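Step one of this worksheet: look at the structure below.
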Amino acid sequence: MIQVPSEDLRILLEAGYLYLGMQRFKEAKEVFEGVVVLAPKSEVPLVALGNVYCVQGKFEQAIKTYHEALEIEPESAFAVSYLGEALFFKGEKEKAVETLEKASKMDPEGKSGDFARSL
């Protein structure tokens with residue numbers, strides 16, 4: 001396995017989010033899929049990939065991808081908060097509220113908890 005410096009991975013993730021912000025979903029997806037391969041032990045690129053699906057309204061695929069991220073890091077408030085968002089937009093309100101409350105409790109002082117509470 002090729003070891004990629006974390007700074008390089010961060011730059012790739014930023015590039016993917018730039019594509020996502022420009023609604024260039026194909027390119028964003030390709031970048032995030034590449035980072036998933038380069039960092040298979042991190043949930044972060046899977047959450048980013050799930051965000052591509054969520055923005056496109058592909059909530060089932062987003063939810064599946066967030067669950068994959070949680071298989072890698074079950075205690076990731078980051079992944080749990082985005083899972084809650086996808087459930088909310090899919091229309092699964094009760095499950096979304098439960099998931100967002102969990103994310104908020106997991107990260108009461110951090111950005112993921114703040115994001116969960118903002119929804």
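Read-outs throughout are calculated quantities, based only on the coordinates presented, and are distinct from any laboratory measurement. Note that the structure is a prediction, hence the values are computed from the model and not measured. In this analysis, Cβ positions are derived from the backbone assuming ideal geometry, glycine residues included, and neighbour counts consider all displayed protein chains.
For Lys95, which aspartates and glutamates qualify as cross-link partners when the Cα separation must be under 17 Å and same-chain residues fewer than eight apart are set aside? Those aspartates and glutamates meeting the cut-off are Glu60, Glu85. Counting only residues at least eight positions apart within a chain, or on another chain, the lysines with an alpha carbon under 21 Å from that of Lys26 are Lys58, Lys64.
The charge dipole of the stretch 6-118, taken about its Cα centre with unit charges on the Cβ of Lys, Arg, Asp and Glu (plus for the first two, minus for the last two), comes to roughly 360 debye. Rounded to the nearest 500, the 222 nm mean residue ellipticity of the chain from helices alone is -24500 deg cm²/dmol, with -39,500 (n - 2.57) taken per DSSP H run of at least 4 residues. Ordering Asp107, Asp114 from the fewest to the most neighbouring beta carbons within 10 Å gives Asp114, Asp107. When the alpha carbon gyration tensor of the chain is reduced to an equivalent ellipsoid, the three semi-axes, largest first, read 23, 16, 12 Å. Counting charges near Ile63 (Lys, Arg +1; Asp, Glu -1) among other residues having Cβ under 11 Å from its Cβ returns a value of 0. Cβ crowding within 10 Å, taken as a proxy for footprinting-reagent exposure, orders Lys93, Lys102, Lys64 from fewest neighbours to most as Lys93, Lys64, Lys102. Classification of the stretch 55-105 by its C-alpha gyration tensor yields an oblate form. The axis ratio a/c (a ≥ b ≥ c) is 1.5 or more, and b/c is at least a/b. The stretch 1-28 and the stretch 57-109 have Cα centres lying 21 Å from one another.
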